[in-house]
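Asker: The structure under discussion is supplied below as structure tokens; questions concerning it will follow.
The values are calculated or read from the model by the stated rules, or taken from the named source; none is laboratory data. Computed from a prediction, not measured in an experiment: that's the story for all the values here. Positions of Cβ are backbone-derived with ideal geometry, glycine not excepted, and every protein chain shown enters the neighbour counts.
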Amino acid sequence: MVDDSVAAHQVSALREFNRFYTARLGLLRKRHLDGEYSLTEARILYEIGAHPDITARTLCATLELDPGYMSRILGSLSRRKLIRQTPSEEDGREKRLSLTSTGVRSVAAINQKSDDHIVQILAAIDEADRNELLESLSRAHKLLTPRPDQSEVTIARLTHACDEAIQILNEYYEAVHVVQRDKPGALRSVLEEPHSAMWLARLGDVVVGCVVLRSLPSIAHAGECKRLYVRPAARGRHVASLLLDAMEEHARTLRLQWIYLDTYDDLKPAIALYKRRGYKECDRYNDNPQATLFMRKRLSSQRD
């Protein structure tokens, strides 16, 4: 139990910092970065660009906004021809959101202004202090993030090879009858390669899914999505989408422009998911004997 006087001091300290950084980052201005959009509008445009086909419901949950308020903003952005709202094939009550070409250009301009603003702030801080600042921000982010309960799905990038990762990869091979399987030690190579990575999804403490991003040297500025798999007991919780979100966001930080993948005709649910997320059919790009369908997605270069 925290003493009332201690709690009051802690509340005051956090509020004081809140007042400081909102002013320092220019968040109190009527228009974000003195542009034509409010901060909320700019953030919504960013999220739609970073996650094409995101639904309004998911957007509300991500940004913790009231559905009515969100609806009004989306209506305004649609009227200004910045976003499209397309009825969902799975649920006609839901609409999937995407940027128009005008919206893409607007978000690129916002990101550039945001980058320039942050560069100016960081330029006034020496390198040692910048590193300390970034570590402190990362720590604050972790502390302020709600801790998951046992029913919540969490996604984490793998930092070292472990039995859980190897086990779910082997389960994936058996589930989709993979012929060309990775050799022992391949996972360690993926984790050591700077343009490759693997993510695990957990439900509570149990691993329930995985996805791998691999470098694709044969195609400039491209990576390859591999080993996307969700255990049957965890399906229906949008685990695959969360894994793809993490993989695609990391690919953007690597400045990749394309994500390629291969699959085969029998995996209809997976193909439908890829199409919803903006993957389109393309020419064969590898010699995988099992693959009958090849797809790719162009990534936006947006950064928050």
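Asker: I need a count of the residues in segment 77-99 that are under 21 Å from Leu39 (Cβ atoms) and surrounded by 15 or more Cβ atoms within 10 Å (Cβ to Cβ).
Answerer: Selection size over segment 77-99: 7.
Asker: Keeping to segment 107-134, report how many residues are in contact (Cβ under 8 Å) with a residue 60 or more places away in the chain and over 20 Å from the mean Cα position of the chain (by Cα).
Answerer: 4
The rows are residues; the columns are (1) under 30 Å from Lys113 (Cβ atoms); (2) not basic (Lys, Arg); (3) not in a loop (DSSP other than H, G, I, E, B).
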site: Leu261; (1), (2), (3): no, yes, yes
site: Ala272; (1), (2), (3): no, yes, yes
site: Asn288; (1), (2), (3): no, yes, no
site: Ser300; (1), (2), (3): yes, yes, no
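Asker: Can you tell which of Glu192, Glu171, Glu249 is touching a residue at least 40 places away in the same chain (Cβ under 8 Å), more than 19 Å from Lys275 (Cα to Cα) and among the acidic types (Asp, Glu)?
Answerer: On inspection, the qualifying residue turns out to be Glu171.
Asker: Return a yes/no flag: does segment 183-204 have any residue that is surrounded by 15 or more Cβ atoms within 10 Å (Cβ to Cβ), of a type in the set (Val, Ile, Thr) and modelled with pLDDT of 90 or more.
Answerer: No, because not a single residue in segment 183-204 is surrounded by 15 or more Cβ atoms within 10 Å (Cβ to Cβ), of a type in the set (Val, Ile, Thr) and modelled with pLDDT of 90 or more.
Asker: Is one or more of the residues making up segment 169-186 in contact with a helix residue (DSSP H, G or I) (Cβ under 9 Å, 6 or more places away or on another chain), polar (S, T, N, Q) and part of a loop (DSSP other than H, G, I, E, B)?
Answerer: no
Asker: Going by the conditions given, is Ala13 of a type outside the set (S, T, N, Q), loosely packed, with under 11 Cβ neighbours inside 10 Å and not in a loop (DSSP other than H, G, I, E, B)?
Answerer: yes
Asker: Right, next: Quick check: is even one residue across segment 30-43 buried (at least 17 other Cβ atoms within 10 Å of the Cβ) and out of contact with any helix residue (DSSP H, G or I) (no Cβ under 8 Å at 6 or more places or on another chain)?
Answerer: The answer is no; no qualifying residue exists.
Asker: Something else: Would you confirm whether or not segment 193-214 contains a residue that is under 16 Å from Ala270 (Cβ atoms), assigned by TED's automatic domain parsing to the domain that holds Gln257 and charged (D, E, K, R)?
Answerer: Within segment 193-214, not a single residue is under 16 Å from Ala270 (Cβ atoms), assigned by TED's automatic domain parsing to the domain that holds Gln257 and charged (D, E, K, R).
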